[in-house]
1. Which members of region 137-157 meet the condition of being within 16 Å of ligand 2 (Cβ to nearest atom) and aliphatic (A, V, I, L, M)?
2. Out of region 167-186, which residues are within 16 Å of ligand 2 (Cβ to nearest atom) and assigned to a helix (DSSP H, G or I)?
3. Would you point out the residue of region 117-138, among those that are more than 16 Å from ligand 1 (Cβ to nearest atom) and under 16 Å from the mean Cα position of the chain (by Cα), that is nearest to Gln186 (Cα to Cα)?
4. Would it be correct to say that Leu154 is surrounded by 15 or more Cβ atoms within 10 Å (Cβ to Cβ), part of a helix (DSSP H, G or I) and modelled with pLDDT of 95 or more?
5. So for region 120-132 (the condition being in contact (Cβ under 8 Å) with a residue 40 or more places away in the chain and surrounded by fewer than 17 Cβ atoms within 10 Å (Cβ to Cβ)), does at least one residue qualify?
6. If Lys134 satisfies every condition in (1) within 16 Å of ligand 2 (Cβ to nearest atom); (2) more than 21 Å from Gln22 (Cα to Cα) but one, which is the exception?
7. Which residue pairs have Cβ atoms closer than 7 Å, lie 6 or more positions apart in sequence or on different chains, and pair a first residue in region 33-48 that is more than 13 Å from Ile121 (Cα to Cα) and among the hydrophobic types (A, V, I, L, M, F, W, C) with a second residue that is in a loop (DSSP other than H, G, I, E, B) and at pLDDT below 95?
8. Pairs needed: first member in region 13-27, hydroxyl-bearing (Ser, Thr, Tyr); second member anywhere, surrounded by fewer than 20 Cβ atoms within 10 Å (Cβ to Cβ) and in a helix (DSSP H, G or I); C-beta distance under 8 Å; at least 6 residues apart or different chains.
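The values are calculated or read from the model by the stated rules, or taken from the named source; none is laboratory data. Keep in mind that what you see is a predicted model, and the values were worked out from it rather than measured. All Cβ positions, even for glycine, are placed from backbone atoms using ideal geometry, and neighbour counts span all protein chains on display.
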Amino acid sequence: MKRVWKTPETDNYILFEDMLKQSHLLIAGATGSGKSVLENGLITTALKDSPAAVQFILIDPKMTELQEYAALPHTLIYADSERPEKMIEGLNQSIEIMMQRFSYMKRHQLKDFDGGHIYVIIDELADLMTTHKKAVTPLLQRISQLGRAAHVHLIACTQSPLATVIPTPIKVNFDSRVGLRTATAQDSRNILDIKGCELLPNPRETHTAQGYYRQGGTIKLWNIPMYPPEETARRVAYWKQQKPRIIWNG
Ligand SMILES: Nc1ncnc2c1ncn2[C@@H]1O[C@H](COP(=O)(O)OP(=O)(O)OP(=O)(O)O)[C@@H](O)[C@H]1O
Ligand SMILES: [Mg+2]
């Protein structure tokens, strides 16, 4: 039997809950547009669940954004550019888990995996693609095509949603997208097929963030919430402390 632990409070971060339910999520915006804040929001929200229900593979080319989550019991792999081969290993391991899940599903005649979710989070896709495009492209292609049924989800952030950074055959599999403030109208079109992101206010000045969230056929403008850093730190500390006591098979 699978047991699921929850932290005591429920929260009102409904937008993040919704984004975590998507098969894959592509987040684009200029520097300072709030990509990392959004990523932190998704991870903090996911941390209401135990490592039996939610796991992470974190790819952090900038080595700053996701480090805080490296030692969580949820984190299967944390990879930064210090050891680039580990970033590829992270993607390979995602595929391995995905294939194991497919064979389990086949054995049990399931159309959808009946266990937890793995989020493969890439903080800056452009950095990864500039240095490792050849190795990374087929791996992302595979996960973006097949991940959904196996509950393996990609969450990728990028400053520039260009075809060189995210090749079209991969991009089309990201059915859910977030357009934060972009540098140009063309960047806005690249992420959402419409202009408008270039007109959003600058979060560094307003201390709020807005973004267009495209999900299915609809695009809506949202205020993006931000967790107080203490809340994220509290959840991280809670789970780190649980680490030695958690036993799970899988
Ligand atoms: N949802 C939000 N609510 C309030 N303030 C925000 C929000 N998002 C971003 N900000 C403000 O904008 C700053 C920059 O955000 P963030 O670091 O997430 O940008 P980024 O897109 O990751 O930039 P980079 O591409 O340089 O990594 C934050 O430090 C914060 O002050
Ligand atoms: Mg960032």
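1. Result: Ile155, Ala156.
2. none
3. Val120
4. Taking the combined requirement at face value, the residue does not satisfy it.
5. Yes, region 120-132 has at least one match.
6. (1)
7. Short answer, once both residue conditions are applied: Val37/Met226.
8. Sorted first by the residue in region 13-27, then by its partner, the pairs are Ser23/Arg148.
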